[in-house]
Every structure is written in C-alpha cells, then in structure tokens.
Amino acid sequence: MAKLIHSMIRVQDLKRSIQFYHEVFGLEVVRRIEFEGFSLTYLANQESDFELELTYNFDRVERYHLGDGYGHLAFSTYGIKEIWEKARLKGYTPADIKTLYKQNDLVARFFFVSDPDGYQIEVIESNDIFS
C-alpha cells in the first residue's frame, strides 16, 4: 500500500517540519530539489516505501491556512502503537488509536496527529486495506 502513497505538504518552517517528521515518524531526508522560488524536500524511512514531499516557498511571509495549499495524509505500515506513544511522549496530542474491521478480521489501525503547522496527518497500519 505505502508504495503508492505520495503526500505533498506545504510547510512554513522547513527545518522544524523535518525535525517533526524525523522525531515522530522516523522519516529522513532522501533528496532535495531547489527552484527559483521554492524547494521540494523528500522524506522516507526504511520500514516502508512511503515518501513525503515537503514544499517550501522561499519568499512566503504570511502563514498557510488549511485549504489554501496541500493538505497531508501520511501512511505508515509498521508499529503504530509505538509511533502513537512516541508522538504522545514528544508532546504531540494524537487521537486515540482506532481499529477498522471487515467482518471479524482486523483491517487497519489508525490515529490522527497534527504537525507544527496545524495540518492533520492520518497514520495507518494496514493489512491490505485497499485489496
């Protein structure tokens, strides 16, 4: 599932956002592309093939607001209980872990957390939820 996910997020403070995604989700910077007015930074981890794209505009002064740019939806396919606990201990306030069943089989666990810019991220641990 994670191989097909590519989330694009506009960020206010690139350094702060990179630190957040590293601390909470274990994502590392894998490449960065710079253009005249903006940069694209790609984050990934070794546990899944998930890749996150952060868009940073160099001359942006006013803050972004939900709905005026890219939102984000982050997927994880490993250790969701550990990630939830790590986010909580770091001072973030993730919503409780929810479970999704198809008949009697557990399909997925998920929770929500907000990043430093206030965007909501959905984190999922899945057993082929889209199959």
Review point. Which members of the stretch 4-15 meet the condition of being at pLDDT 85 or above and open to solvent by 80 Å² or more (accessible area, probe 1.4 Å)?
Key: Lys15
Point to revise | Test for Arg31: is it assigned to a strand (DSSP E or B), at pLDDT 85 or above and either surrounded by fewer than 17 Cβ atoms within 10 Å (Cβ to Cβ) or within 14 Å of the chain's Cα centre (by Cα) (or both) | key: yes
**Study point:** Flag if Met1 is open to solvent by 30 Å² or more (accessible area, probe 1.4 Å), modelled with pLDDT under 90 and out of contact with any Asp or Glu (no Cβ under 6 Å at 6 or more places or on another chain)
**Key:** yes
Check your understanding: Restricted to the stretch 84-120, and to residues that are of a type in the set (A, V, I, L, M, F, W, C) and open to solvent by 40 Å² or more (accessible area, probe 1.4 Å), which residue is farthest from Arg60 (Cα to Cα)?
Key -> Leu106
Check your understanding: Given the stretch 43-121, what strands (runs of 3 or more DSSP E) lie entirely inside it while holding 2 or more residues that are of a type in the set (Gly, Ala, Ser) and at pLDDT below 85?
Key -> 105-114
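The values are calculated or read from the model by the stated rules, or taken from the named source; none is laboratory data. Computed from a predicted structure; not experimentally measured. Ideal geometry is used to build each Cβ from the backbone, glycine not excepted, and the neighbour counts take in all protein chains shown. Just the protein is used for accessible areas: all its heavy atoms, side chains included, with ligands, DNA and RNA removed. Shrake-Rupley method; radii C 1.70, N 1.55, O 1.52, S 1.80 Å.
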